[in-house]
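The structure appears right after this line, and notes come after that.
Where a number appears in this text, it was derived from the coordinates with a stated rule and is not lab data. The shown structure was predicted, so the numbers you read here are calculated from the model rather than taken from an experiment. For neighbour counting, all protein chains shown are included, and Cβ atoms are generated from backbone atoms with ideal geometry for every residue, glycine included.
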Amino acid sequence: MHEMGIVLHLAKTLEETAAEEKLTKIGSVTLQVGEVSGIMTDYFVDCWNYFRTRHPVLAQAELKIETAAAVTYCGSCGRTYPTVKFGRTCPWCSSGETWLVTGDQCVIKEIEAEGGEEPEES
């Protein structure tokens, strides 16, 4: 279950960001998770709900997950197609000369938080 490791890394990253930005509370975190990332979102949310309570700045943080479509590019015909539906073989030209363009990522898209430094007035 690699979800736990990802959640631990996420919690560490958020705590470091909170310290750098002097945040007192993180209200929500939006993650963009690729549909072929291998992350099982149900397990991921369970791990998040367990670990966030052990980090004061994250204790009330809601986890929002957005799914990013997997897209594959064909080097033979130069077209893209939905990876999940067609796999590694291009539906346009039947070539196997393909590679994933997007859809395997797990990135922090947005953090909603309280606190932070006030902008300096001129």
How large is Rg over Rh for the chain, taking Rg from the Cα atoms and Rh as the Kirkwood inverse mean of 1/r across Cα pairs?
1.14
Measuring from centroid to centroid over Cα atoms, what is the spacing of the range 87-107 and the range 7-29 in Å?
34 Å
Residue-span extension gain [Cys93 to Glu16] - 0.36 nm each, minus C-alpha spacing
23.0 nm
Just need the relative contact order of the range 1-104 here, percent rounded to a whole number, with Cα pairs under 8 Å and 6+ apart.
28 percent
State the cysteines of the chain left without a partner when partners are defined as other cysteines whose beta carbon lies under 4.7 Å away.
Cys47, Cys106
For the chain, please report how many Lys pairs fall under 23 Å Cα to Cα, leaving out neighbours fewer than 8 apart on the same chain.
9
Test of understanding: ordering His55, His9 by Cβ neighbours within 10 Å, fewest first, what list do you get?
His9, His55
Calculate one ³J(HN,Hα) per residue across the range 79-95 by plugging θ = phi - 60° into the Karplus curve 6.51 cos²θ - 1.76 cosθ + 1.60, and present them in order as whole Hz with x for glycine and proline.
9, 10, 7, x, 4, 4, 6, 10, x, 8, 9, 4, x, 8, 10, 6, 6
To one decimal place, what Kirkwood hydrodynamic radius in Å is obtained for the range 20-88 from all pairs of distinct Cα atoms?
14.6 Å
